Amino acid sequence: MNMSDFIYLDNSATTALSVAAKEKMSETFEVFGNPSSLHAAGDGAARILREARRGILATLGIRSMSERDDEQLVFTSSGTEATSLALLGSAHAKKRREANTIITTNSEHPSVENALRVLEDEGFCVIRLSTRGGVIDMDELDEALKSPVFMASIMLVNNETGALYDVKSVFDKVKRAYPDAITHCDAVQGYLKLRVTPASLGADLITVSAHKIHGPKGVGSLYIAPHILKERKISPFIVGGGQEHGMRSGTENVIGIAGFSAAAAEGFSSMAKNMPRVAELRDLCESLITGADIGIRANVPKGARAPHILNITLPSIKSQTMLNFLSGKGIYVSSGSACSSHSAKPSSSLIAFGLPADEADTSLRISFSEYNTESDVHALVEALKEGTATLVKIKR
């Protein structure tokens, strides 16, 4: 299917491969050696990994000059795996610890929420801060800090509402109260949409993913602060041959990693130019939809927001019904996170945002990239007008 045949507005689920990623991956097809092999073919693959690792670290504001510096980035099969390494790897690094409280929010991505449920079953205490209106409740944080905190895991951008969470303020408070606490940020939706560095977030661990930035699916990475590595505060949960400096065994996906690095370099260099334009498309879409008098409401965060996500609530039309209608016209949006779209329950993120269950079940997520145009927005709005009139009439 050619992208010229449809309008793609589901970029928070995944993105189209960039030309740079395609070209780099194509070049890498010929480098078939195992990067762990001690011969020339292996050296070629290892060189690609080293260059990719240092390139992605550079987008996180880190200049890597040595193999020791390189250890700060671990390649994984996905953002989900990177997050599991962050959370489970930290929790299991020491079997006995005085602090066992983990602070998070009530609107995290399933990769965080479900990993934390595993840790709850193991005896950890997980405190979920409210995020009504897309803003973290700092009073609840103050209360949570009365318990001995082992870790805090807070997403940077909510994948369904676009709310930009004040991660730095949360992590600064946690570190002031418990200097040894580990801070993890799921930055998958914010990476290369916003500035993401360990210093800007106050994070010891940062999850990012390739397929959200016009790289290939099946590649993610976890940034690990040097002191976490030095003090052995994280341990691998995939063991074997000791690849990725012992943090994630298994032969690396060299082709995918090369594409990840190329997409990251391109996105980093063009972020300052592209993201304001993406925000303009989002704002245009919001203005046209809410001004069309068709009963659609925009669910706008009370605080800061990311440039690329718009969530809307339809007038008594199920999300899936409108999705089917739009898809029939070649327009692709989402009813929420692709990782939880098969659930029959309303979105927990939208419930946490403050929507009642029936409205959460009639909401859509529209997410933009630099490849979208104003004509895409106008086509979507016209289709929503038609769909709203048609589907409400059918329901009656």
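Can you tell me the order of 55-67, 218-230 when each peptide is scored by its average per-residue count of other Cβ atoms within 10 angstrom, highest first? Mind showing how you got there, number by number?
Values: 55-67: 15.8, 218-230: 20.9.
Per-residue Cβ counts within 10 Å, averaged per peptide and sorted highest first, yield 218-230, 55-67.
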All lysines inside 22 Å of LYS329 as judged from Cα atoms, apart from same-chain residues fewer than 8 positions distant: LYS318, LYS385, LYS393, LYS395
Exposure proxy ranking, count of Cβ atoms within 10 Å, fewest first, for GLU140, GLU27: GLU27, GLU140
Electrostatic dipole magnitude of the chain [Cβ: Lys, Arg +1; Asp, Glu -1; Cα centre; debye, to 20]: 300
Among PHE29, SER78, PRO226 the positive-end extreme of the charge dipole of segment 19-264 (Cβ point charges): PRO226
DSSP bridge orientation in segment 19-264 - percent antiparallel, rounded to nearest 5: 35
Two-site label geometry, VAL118 and THR290: point separation in nm, points 7 Å out along Cα→Cβ: 4.0
Between 0 and 90°, nearest 10: helix 254-290 axis offset from the chain longest Cα axis: 30
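Only Cα pairs under 8 Å and at least 6 apart count here; give the relative contact order of segment 243-358 as a rounded whole percent. Working shown, then result.
Values: 55 pairs, mean separation 15.5, N = 116.
Taking the mean separation of contacting Cα pairs over the length of segment 243-358, I get 13 percent.
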Residue-by-residue Karplus 3J(HN,Hα) for segment 327-332, coefficients 6.51, -1.76, 1.60, Hz, glycine and proline x: 4, x, 9, x, 10, 10
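When DSSP beta bridges are limited to those with both residues in segment 180-273, what percentage is antiparallel, rounded to the nearest 5? Write out the running numbers ahead of the final one.
On the way: 5 of 9 bridges.
Taking every DSSP beta bridge with both residues in segment 180-273, the antiparallel ones total about 55 percent.
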For segment 19-264, alpha-carbon Rg and Dmax in angstrom: 17.9, 58
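Using R₀ = 22 Å, calculate the FRET efficiency as 1/(1 + (r/R₀)^6) where r is the Cβ-Cβ separation of MET138 and HIS227; round to 0.05.
Details: r = 26 Å, r/R0 = 1.19.
In this case the efficiency is close to 0.25.
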Farthest positive-ward along the chain dipole, Cα basis, beta-carbon charges - from PHE171, SER209, VAL377: PHE171
Theoretical gain in end-to-end length, GLU382 to PHE29 [0.36 nm per residue, Cα-Cα removed]: 122.8 nm
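Values in this text are rule-based calculations from the coordinates and carry no lab data. Not measured: the values here are computed from a predicted model. Backbone-built Cβ (ideal geometry, glycine too); neighbour counts: all protein chains shown.
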